[in-house]
Every structure is written in C-alpha cells, then in structure tokens.
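The values are calculated or read from the model by the stated rules, or taken from the named source; none is laboratory data. Just so you know, these numbers come straight off a predicted model, no measurement behind them. Positions of Cβ are generated from backbone atoms using ideal geometry, with glycine treated the same way; all protein chains shown enter the neighbour counts.
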Amino acid sequence: MADLLLKSSGPVADQYKLLAGEVVVGHIRLSESAPRTAPWRCTLSHGQHKGRRTPTHGYGTTREEAMQAFAKSWQTRKGPGDIAEPEASRAR
C-alpha cells in the first residue's frame, strides 16, 4: 500500500491534496459546511470511489484528525494495487 502524503493545494489556505505516490487520492480542507465540532473535512477523490464499502468522506476536529480518518478509510480499500490513476488525478 502506498504511503499517504499531504500537500498544499496551492494559493487557497487550509486546503490540501492527499497523494499516494503521484496520484491524488483525496482532499482535506477546512469546511464551513462541516459540523462546528469537527470543521476539517476529508474526502476521497472521485476516481477512488469505485467498489468501496468504506466511507468516502469524514470529519475531524483538527487537520491531523481528519488525516487519520482518511487514512483509516484508505487502509480498508478493496486491495493492493487498487489505486485508480486517471490522468486528471496526477499531482501537478
């Protein structure tokens, strides 16, 4: 299984990409629509939803907690080598 790496999404503060190798597999951001008690939201990238039985999003009180929630879901994906790699998901 590829390790996850957190990378800034660019000029927008508090928005991050989650990378497995060079593939963007998810995002974490501070969300105004998230519950007040857990304002950080993590989501799987669209190409990573196929065949999943695990949640495709979650929340955390901190960025680190949202990353842990994402990692837990990510670790229970279908199986090894199951990273969808659409060209649009490549990190830039």
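Among the residues of region 1-34, those identified as touching a residue at least 40 places away in the same chain (Cβ under 8 Å), charged (D, E, K, R) and in a strand (DSSP E or B) are 7, 17.
Residues that are surrounded by fewer than 16 Cβ atoms within 10 Å (Cβ to Cβ), assigned to a helix (DSSP H, G or I) and modelled with pLDDT of 70 or more within region 36-64 comprise just one, 64.
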